[in-house]
Structures are given as structure tokens and as C-alpha cells.
Amino acid sequence: MKPQLAKEIVFIYFAGNATVLQKKLIEEWLEDPDNAETYFEWIQEWEMSRPQFLPDVGGAFENMKRRIDSGDQPEPLYEPGTGVSTGYRKRFMNGWRWAAVFLISAGLGGYVFRDGLLYQRYRTGYSQTRTLLLTDSSTVVLNPNSELKLLRWAFGIFGREVFLDGEAAFVVRHKVDHQSFIVHTTDNGKVTVLGTEFFVYTRKKDTRVVLNKGKVQISSQHIRKPLDMKPGEKASINAEGMIEIKPLSKVELSDPAAWKQHLFRFDQTALIDAAEQLNEVFGVEIVVEDPVLSAKEVTGTFKAREADELLTVFAEMLDMTVQIRQDKVYLTPNP
């Protein structure tokens with residue numbers, strides 16, 4: 001279904017005028033988790049476009065109970081009202097959001113949808129970076145092919161915890177109440193800070209952290225006591241949950257901005273392993289059938305926004321040919 005058509009139908013649903021067929025279309029559209037984020041954006045758009053209305057939370061709750069019991073269409077959640085203070089309006093707007101939680105959980109949603117309601121997700125494509133300013137004034141720079149998840153509402157009130165899959169640079173704002181900022185990684189590790197600058201890389205194979213300023217604690221599910229990191233250090237968590245902390249190399253220290261950039265660093269890395277890193281970041285399927293070629297090593301630091309840039313360099317370094325067949329990239333040695 002086209003998003004524009006879905007938006008019109010969803011707005012009809014918010015108004016309480018959706019038919020059984022339209023509600024069925026919404027349910028089918030929401031089976032795709034990617035559409036859930038759009039749905040929540042439309043909830044906010046719906047609220048903002050109708051500032052003259054105030055929600056009757058109690059009435060909305062009763063309406064939803066009747067809808068669940070009888071299968072009737074939902075009645076409007078808003079009634080006209082004037083002369084209400086901004087704070088009063090805000091409390092009722094929050095009530096509308098939680099009424100929406102109940103409605104979605106009871107009528108439309110499963111676990112995935114409820115998770116989508118509670119958490120905001122920010123994603124980047126395979127050649128895209130994105131800078132985010134969080135509500136606590138912390139800044140996050142997402143590198144390509146990455147996702148950051150955090151509480152949609154009340155971030156900084158019920159804690160400052162984010163979930164990262166990919167690569168991101170963080171500049172965390174210190175709060176007067178010393179509230180920690182926690183980054184959860186894909187391997188169930190945690191990076192805990194109060195106010196600092198650091199970079200986190202977390203993919204399937206491992207997690208790496210580079211600290212630029214301040215102090216962080218890093219932990220994993222297999223380490224009981226968190227380990228402290230100091231500026232100028234990097235840490236890695238392997239697949240077994242073991243943590244290693246060591247100083248940055250002279251090359252890394254000579255370029256303080258490098259940890260914010262999308263750089264690939266290879267140190268006698270087998271081509272087959274380097275190809276797997278490219279697949280994680282750029283989403284390309286690279287095939288290396290020749291065992292001798294796949295064992296050849298690459299060393300160096302490269303900045304690339306697309307896989308082609310690195311593959312061209314590898315082709316020169318390792319005397320090989322790059323061919324694309326049926327959406328796959330084949331690396332073969334030159335005759």
C-alpha cells in the first residue's frame with residue numbers, strides 16, 4: 001500500500017470513522033515493522049494539526065473497552081475545549097499517547113508493535129551518516145548501516161539508555177543529577193558514562209570502543225566487574241565476551257578526528273575477513289572462491305563511503321578482478 005493512501009486511512013481511523021475493511025488494511029500494513037515508525041509519526045502529526053481539541057482520557061478508555069467487548073468502531077478521543085493552560089494541555093496530550101498505547105496493544109499490536117511504540121529508531125543506509133541531537137542535549141553521529149534505539153518519550157527521565165547496532169560517535173552531555181548514559185551493544189555489552197566523547201562499533205563479530213575524552217566503564221555479560229577506560233585507549237569485546245583494553249596506536253593518536261569518521265582499519269587481515277566487514281557495513285555479498293586469494297592479507301587504514309572504493313584498492317593490492325553477477329560481487333585472482 002502506498003504511504004499516502006495509508007496515511008489517509010490512518011487519519012480516518014484516528015477520527016473514529018474507519019470501516020471494517022479500512023481497519024483490516026491498517027492491520028496488514030502494520031505487519032511490516034518498518035511501517036510502525038511512520039504510524040507513530042502520524043499520531044504526532046494528528047495531534048499537532050488539532051490543537052483546538054483536548055482528549056478525554058477517561059472517556060477514551062471507556063470507549064476502547066466497549067470497542068474490545070463489542071467490536072464497535074472507536075469513538076473520537078477528543079472533545080472541544082478552550083481556556084486550558086499549557087501544562088494542563090500537555091498532561092492530557094501525554095494521556096492521549098498512553099491511551100494510544102492501550103488501543104494499539106489491545107486492537108492492533110503484538111510485541112513488535114508495542115516495542116515500536118515505546119522506542120524510537122534511527123537508521124542509516126549503506127552510504128549515509130546521520131547526526132542526532134537527543135533531548136538531553138547529547139549528540140550522536142550514526143555511521144552507515146547503523147541503528148540507534150531509545151525511549152520515544154521520557155528519555156532522560158526514566159534513564160538515558162540507548163541500543164546500538166552498528167557504528168556511532170557520542171558526545172554525552174553531563175547532567176546535574178549525574179545520571180548515567182548507557183550504550184547497549186549487540187553482544188549484550190554495556191558502555192556506561194557520565195559525560196564524555198567516545199566511539200562505539202558493534203557488529204556480529206565483535207564490539208570496539210574508542211575513548212576520546214572523559215571516562216567510561218565497559219562491561220560484558222561474562223565480566224562481573226566493569227572495566228574503566230581512559231582517554232587515548234581502545235577496548236574490544238570478542239565473541240566470548242572477553243574485554244581487552246589497550247592504548248591507541250601512534251597513527252590513531254595522530255588523527256584525533258579519525259574515531260568520528262567511517263574508517264576501515266586492516267592489520268594483516270585476511271581478504272575473506274575484510275570482505276565480511278564490507279558486507280556488514282555496505283550490505284554487499286562478496287564471494288571469494290579461490291582459497292589462496294581469500295587467505296591473502298590486507299593492511300592499512302582506508303576511508304570509504306561505498307564498497308566499490310575499497311574493492312578497487314584491494315584489486316590493485318592483491319592483483320585480482322572484481323565482477324558483479326546476480327547481485328553478488330565475485331573476487332577472482334588475475335591469470
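The values are calculated or read from the model by the stated rules, or taken from the named source; none is laboratory data. Not measured: the values here are computed from a predicted model. Note: ideal-geometry Cβ built from the backbone for every residue, glycine included; neighbour counts use all protein chains shown. Surface accessibility is based on the protein's heavy atoms, side chains included, excluding ligands, DNA and RNA. Shrake-Rupley method; radii C 1.70, N 1.55, O 1.52, S 1.80 Å.
So here's what we get for this one:
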| item | result |
| --- | --- |
| For Gly58: the one exception among (1) open to solvent by 80 Å² or more (accessible area, probe 1.4 Å); (2) at pLDDT below 60; (3) in a helix (DSSP H, G or I) | (1) |
| Of all residues making up region 244-254, the number that are exposed (fewer than 14 other Cβ atoms within 10 Å of the Cβ) and in contact with a Lys or Arg (Cβ under 7 Å, 6 or more places away or on another chain) | 1 |
| Filtered residue count, region 299-317, keeping only those that are touching a residue at least 40 places away in the same chain (Cβ under 8 Å) and closer than 19 Å to Lys250 by Cα | 2 |
| When residues of region 128-144 are limited to those that are of a type in the set (Ser, Thr, Tyr) and in a strand (DSSP E or B), the one farthest from Asn279 (Cα to Cα) | Thr139 |
| Residues that are open to solvent by less than 40 Å² (accessible area, probe 1.4 Å) and modelled with pLDDT of 90 or more, drawn from region 112-135 | Leu132, Leu134 |
| Region 177-215, subset open to solvent by 50 Å² or more (accessible area, probe 1.4 Å) and either in contact (Cβ under 8 Å) with a residue 60 or more places away in the chain or acidic (Asp, Glu) (or both), residue farthest from Ile245 (Cα to Cα) | Asp177 |
| Selection from region 221-243 of residues that are open to solvent by less than 50 Å² (accessible area, probe 1.4 Å) and over 28 Å from Ile272 (Cβ atoms) | Ile223, Met229, Gly232, Glu233 |
| Search result, residues across region 262-309 that are among the aliphatic types (A, V, I, L, M) and under 22 Å from Val210 (Cα atoms) | Leu263, Ala274, Leu278, Val281, Ala304 |
| Given (1) open to solvent by 30 Å² or more (accessible area, probe 1.4 Å); (2) over 19 Å from Phe282 (Cα atoms); (3) touching a residue at least 12 places away in the same chain (Cβ under 8 Å), index of the condition Ile218 fails | (1) |
| Elements of type strands (runs of 3 or more DSSP E) contained in region 263-319, each with 2 or more residues being of a type in the set (D, E, K, R) | 263-270, 297-303 |
| Some residue of region 250-257 being assigned to a loop (DSSP other than H, G, I, E, B) and either within 24 Å of Ser146 (Cα to Cα) or aliphatic (A, V, I, L, M) (or both) | yes |
| Enumeration of residues in region 145-184 that are within 11 Å of the chain's Cα centre (by Cα) and outside any strand (DSSP E or B) | Asn145, Ser146 |
| Filter result for the condition that a residue is open to solvent by 50 Å² or more (accessible area, probe 1.4 Å) and either under 26 Å from Ser146 (Cα atoms) or in contact (Cβ under 8 Å) with a residue 60 or more places away in the chain (or both), over Lys296, Lys328 | Lys328 |
